[in-house]
Amino acid sequence: MKVLAIESSCDETAAAVVENGTRLLSNVVNSQIDIHSAYGGVVPEVAARSHLEVILPVVDKALADASCAWDDIDAIAVTYAPGLVGSLLIGTLAARTLALLKNKPLYPIHHVEGHVYANFLVEKSPSFPLLALIVSGGHSQLVLFRGHGDYELLGQTQDDAVGEAFDKVAKIIGLPYPGGPSIATAATSGDPSAFTFPKARMQNPYDFSFSGLKTAVLRTVQHETGVAYDFPSHQLPERVSERLRADVAASFQHIAVETLVDKAEKAFRDYSPASVVIAGGVAANQELRRQLSERLPLKIEYAPINLCTDNAAMIASLGYYYAQANDATDPRDLEIVPSLSMTKTAWAK
Ligand code: KG4
Ligand code: ZN
């Protein structure tokens with residue numbers, strides 16, 4: 001079964017073709033990073049307009065790269081939740097229209113759940129029960145999957161997502177958007193023990209909190225640059241030296257990653273999963289991969305970096321498994337759901 005998927009929940013316009021949930025035939029991602037970096041973050045209106053301009057060429061390229069004609073495609077999967085309203089609307093409207101025109105079954109896919117399925121596009125699919133650490137710009141959560149569409153949320157962030165913390169800290173020290181990769185690069189020339197930043201203690205040991213860490217970084221940078229705590233943070237970067245920037249990046253990354261790994265390790269001991277995967281944009285982080293492999297007593301097969309950040313291949317993979325257990329959705333009825341937590345989307349029958 002060949003699934004064509006469309007993903008446009010944030011600032012990447014993407015389409016991909018995947019066979020039987022595991023075989024990647026094509027993966028096209030049109031990133032808007034260049035457009036949004038001038039503003040230091042994603043501008044929703046600009047994102048929607050850009051999706052509209054490129055969505056059909058991106059779909060055509062995904063078909064061409066997979067050497068597929070429409071006749072070869074068995075189903076369409078599309079991200080319908082969660083994400084930016086305008087962005088989700090463009091992707092779902094394209095998918096609904098194509099499903100009607102080309103007479104293909106349509107399956108609505110949850111973006112965050114989709115991130116986990118990047119791990120089904122590697123050589124050997126992970127086995128259940130599967131512990132997933134999902135870490136992106138909008139989400140930080142630990143989820144235990146007992147099977148496809150059958151999962152339990154163990155914990156999640158109570159404030160900022162970890163990717164959001166990377167992005168905000170990058171702004172404080174004057175590194176470009178998106179902050180995750182910029183911090184990872186700057187950290188390579190910094191000292192991870194230069195500053196001791198705090199780890200939040202949570203009532204539920206699997207929950208996360210990153211807003212205190214972000215504030216601690218801000219206070220440290222204000223202190224180190226000799227300004228008062230009410231000094232505007234947007235004027236800080238010009239006062240930050242190369243050395244301070246690298247040391248803050250390394251110390252922040254070290255503690256943020258260690259926090260994620262502490263919780264994943266606890267969940268691993270408590271639930272004894274058969275496999276552990278990481279998913280979402282922050283899963284691209286090499287320090288996270290290094291610490292996790294060091295502390296967990298099982299071999300983790302990591303997805304390639306380009307399948308960790310937003311893409312449609314992961315949506316096509318999940319689309320295949322979802323289609324095994326669910327009827328197709330009427331293209332005329334599919335609605336977007338901009339905020340939908342993973343707790344409400346278990347779909348196994
Ligand atoms: O999954 P994603 O592409 O979009 C969302 O669904 O949010 O994740 C984007 C997030 C951003 O916050 C970005 O800074 C972060 O992933 N990110 C990273 C790295 N690459 C991307 N964070 C840490 N290290 C990286 N190498
Ligand atoms: Zn994402």
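For Ala256, the requirement of being in contact with a Phe, Trp or Tyr (Cβ under 8 Å, 6 or more places away or on another chain) and either closer than 27 Å to Val59 by Cα or away from ligand 1 (no atom under 15 Å from the Cβ) (or both) is not met. Scanning the range 298-313 for residues that are assigned to a helix (DSSP H, G or I) and out of contact with any strand residue (DSSP E or B) (no Cβ under 8 Å at 6 or more places or on another chain) returns a single hit, Ile305. Among residues of the range 1-20 that are closer than 9 Å to Ala313 by Cα and touching a residue at least 24 places away in the same chain (Cβ under 8 Å), those with a beta-carbon under 6 Å from a residue that is assigned to a loop (DSSP other than H, G, I, E, B) and more than 13 Å from ligand 2 (Cβ to nearest atom) at least six positions away or on a different chain give the pairs Leu4/Ile73; Val17/Ala66; Val17/Cys68. In the range 315-346, what count of residues is obtained for those that are over 16 Å from Gly83 (Cβ atoms) and part of a helix (DSSP H, G or I)? Number satisfying all stated conditions: 10. So for the range 243-254 (the condition being surrounded by 14 or more Cβ atoms within 10 Å (Cβ to Cβ), among the hydrophobic types (A, V, I, L, M, F, W, C) and in contact with a Pro (Cβ under 6 Å, 6 or more places away or on another chain)), does at least one residue qualify? Within the range 243-254 (the criterion being surrounded by 14 or more Cβ atoms within 10 Å (Cβ to Cβ), among the hydrophobic types (A, V, I, L, M, F, W, C) and in contact with a Pro (Cβ under 6 Å, 6 or more places away or on another chain)), the answer is yes, since at least one residue qualifies.
Sub-6 Å Cβ pairs linking a first residue in the range 155-178 that is away from ligand 2 (no atom under 16 Å from the Cβ) to a second residue that is of a type in the set (Asp, Glu), at least 6 apart or interchain, are Gly155/Asp207; Gln158/Asp207, ordered by first then second residue.
For the range 20-61, give me the residue count where each residue is assigned to a helix (DSSP H, G or I) and under 20 Å from Leu89 (Cβ atoms). Qualifying residue count for the region: 18.
Select from the range 270-309 the residues that are acidic (Asp, Glu) and either within 16 Å of ligand 1 (Cβ to nearest atom) or at pLDDT below 95 (or both) and write down the one among them that is surrounded by the fewest Cβ atoms within 10 Å (Cβ to Cβ). Filtering first and then ranking leaves Glu301. All of (1) touching a helix residue (DSSP H, G or I) at 6+ places or on another chain (Cβ under 8 Å); (2) touching a residue at least 60 places away in the same chain (Cβ under 8 Å) hold for Leu218 with one exception: (2). Return a yes/no flag: does the range 128-146 have any residue that is under 29 Å from Ala69 (Cβ atoms), among the β-branched types (Val, Ile, Thr), within 16 Å of ligand 1 (Cβ to nearest atom) and touching a residue at least 60 places away in the same chain (Cβ under 8 Å). No, the conditions are met nowhere in the range 128-146. Taking (1) part of a loop (DSSP other than H, G, I, E, B); (2) in contact with an Asp or Glu (Cβ under 7 Å, 6 or more places away or on another chain); (3) not β-branched (Val, Ile, Thr) in turn, Lys214 satisfies each apart from (1).
The values are calculated or read from the model by the stated rules, or taken from the named source; none is laboratory data. This one's a predicted model, so the numbers in the text were calculated from it and none came from an experiment. For neighbour counting, all protein chains shown are included, and Cβ atoms are generated from backbone atoms with ideal geometry for every residue, glycine included.
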